[in-house]
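Take a look at the structure below.
The values are calculated or read from the model by the stated rules, or taken from the named source; none is laboratory data. What you see is a predicted model; the values in this text were computed from it and never measured. Quick reminder, even Gly has a Cβ in these numbers, built from the backbone with ideal geometry, and neighbours come from all protein chains shown.
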Amino acid sequence: MVIKHSFTVEHDITIMHHRILCLLFTIGTFVRADNAALDAWLKRQATITSLEAGFTQERKLPSLKQPVTTPGKLALSKPGRVRWQLGEPAATLVLSDGATLTMIDVAAKTARRIAADAPQAARFSMLTGDGFQSSESFHAMFDVVAHRVESGIHQYTLRPKERKTRGQVPWLFLDIDPAKDELRAMELELKDKSRIRTVFHSVRLNAKLPPALFQADLSGMTVK
């Protein structure tokens, strides 16, 4: 039997402790570096007053084998104004003036109005909310659960910290292009386990958008 002297054992423990600290420091460095693309994109948001974009939306439902794909258009204007058009021509239209969010089913001629800050409105108003205006407010609102890089695009898995928001949107996924500090895609997992992935294209920033673009014409509509 080989018996180590106490100073040898203590030396080995010291070396092991040092290696563990180095490993934890390295992991911590990687974790901080992982958020660099996200924080750079968030920093850019302060320079953006409006946004127009086309998009393709893919909705995955547990009951369907194939996802449903629909084109659409998005317009945002700070503070809080949103126009979300699904379909061409529009089949669904969501409008927010910052105080009230109106969801319109064009074919059925029905509309529903809710407060823009209601949890049910989060999936539409999230991009113009306080959580996306700075790194500090973002990290106060979301936990970054996972991160990976695919073909140069940084993909983040987020979980809302607020229980009310999490009850409507349990998970959020962002695809960020660090070369342009641009959001390429956003995916939401809703409470019914369906997923909505929106891929953006033809983005135009800081154009002057007319207020009427965000106002709902409810003539002939049944409003709930």
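Quick one: would you say Arg184 is out of contact with any His (no Cβ under 8 Å at 6 or more places or on another chain) and closer than 13 Å to Trp41 by Cβ?
Numbers: out of contact with any His (no Cβ under 8 Å at 6 or more places or on another chain): yes; closer than 13 Å to Trp41 by Cβ: yes.
The answer is yes for Arg184.
Within the stretch 173-193, which residues are within 30 Å of Ala108 (Cα to Cα) and in contact with a Ser or Thr (Cβ under 9 Å, 6 or more places away or on another chain)? Show your work before the answer.
To start, the set of residues in the stretch 173-193 that are within 30 Å of Ala108 (Cα to Cα) comprises 185-193.
Answer for the stretch 173-193, where residues must be within 30 Å of Ala108 (Cα to Cα) and in contact with a Ser or Thr (Cβ under 9 Å, 6 or more places away or on another chain): Ala185, Met186, Glu187, Leu188.
Quick check: is even one residue across the stretch 191-206 among the hydrophobic types (A, V, I, L, M, F, W, C), within 26 Å of Thr47 (Cβ to Cβ) and either in a loop (DSSP other than H, G, I, E, B) or touching a Pro at 6+ places or on another chain (Cβ under 8 Å) (or both)?
Step one: list which residues in the stretch 191-206 are among the hydrophobic types (A, V, I, L, M, F, W, C), which gives 196, 199-200, 203, 205.
Okay, now just the ones that are also within 26 Å of Thr47 (Cβ to Cβ), so 199-200, 203, 205.
Cutting the leftovers down to either in a loop (DSSP other than H, G, I, E, B) or touching a Pro at 6+ places or on another chain (Cβ under 8 Å) (or both) gives us none.
Within the stretch 191-206, none of the residues are among the hydrophobic types (A, V, I, L, M, F, W, C), within 26 Å of Thr47 (Cβ to Cβ) and either in a loop (DSSP other than H, G, I, E, B) or touching a Pro at 6+ places or on another chain (Cβ under 8 Å) (or both).
Identify the residue in the stretch 99-126 that is closer than 19 Å to Leu190 by Cβ and basic (Lys, Arg) and, among all such residues, is surrounded by the fewest Cβ atoms within 10 Å (Cβ to Cβ).
Within the stretch 99-126, the match that is surrounded by the fewest Cβ atoms within 10 Å (Cβ to Cβ) is Arg112.
With out of contact with any Leu (no Cβ under 8 Å at 6 or more places or on another chain) and buried (at least 17 other Cβ atoms within 10 Å of the Cβ) as the only criterion, which of Gly87, Gly129 stands out? Talk me through it step by step, then tell me what you get.
Values: Gly87 fails: buried (at least 17 other Cβ atoms within 10 Å of the Cβ).
Exactly one residue qualifies, and that residue is Gly129.
Right, Leu158: more than 18 Å from the chain's Cα centre (by Cα), among the hydrophobic types (A, V, I, L, M, F, W, C) and not in a loop (DSSP other than H, G, I, E, B) or not? Write out each step before concluding.
Values: more than 18 Å from the chain's Cα centre (by Cα): no; among the hydrophobic types (A, V, I, L, M, F, W, C): yes; not in a loop (DSSP other than H, G, I, E, B): yes.
Taking the combined requirement at face value, the residue does not satisfy it.
What is the number of the single condition among (1) hydroxyl-bearing (Ser, Thr, Tyr); (2) touching a helix residue (DSSP H, G or I) at 6+ places or on another chain (Cβ under 9 Å); (3) modelled with pLDDT of 95 or more that Thr69 does not meet?
(2)
So for the stretch 131-140 (the condition being modelled with pLDDT of 95 or more and on the phi < 0 side of the Ramachandran plot), does at least one residue qualify? Outline the logic, then answer.
Of all residues in the stretch 131-140, those modelled with pLDDT of 95 or more come to none.
Checking the stretch 131-140: not a single residue is modelled with pLDDT of 95 or more and on the phi < 0 side of the Ramachandran plot.
I'm checking my understanding of the structure. Among residues of the stretch 52-71 that are within 18 Å of Glu182 (Cβ to Cβ) and of a type in the set (Gly, Ala, Ser), which one is surrounded by the fewest Cβ atoms within 10 Å (Cβ to Cβ)?
If we take residues in the stretch 52-71 being within 18 Å of Glu182 (Cβ to Cβ) and of a type in the set (Gly, Ala, Ser), then Gly54 is surrounded by the fewest Cβ atoms within 10 Å (Cβ to Cβ).
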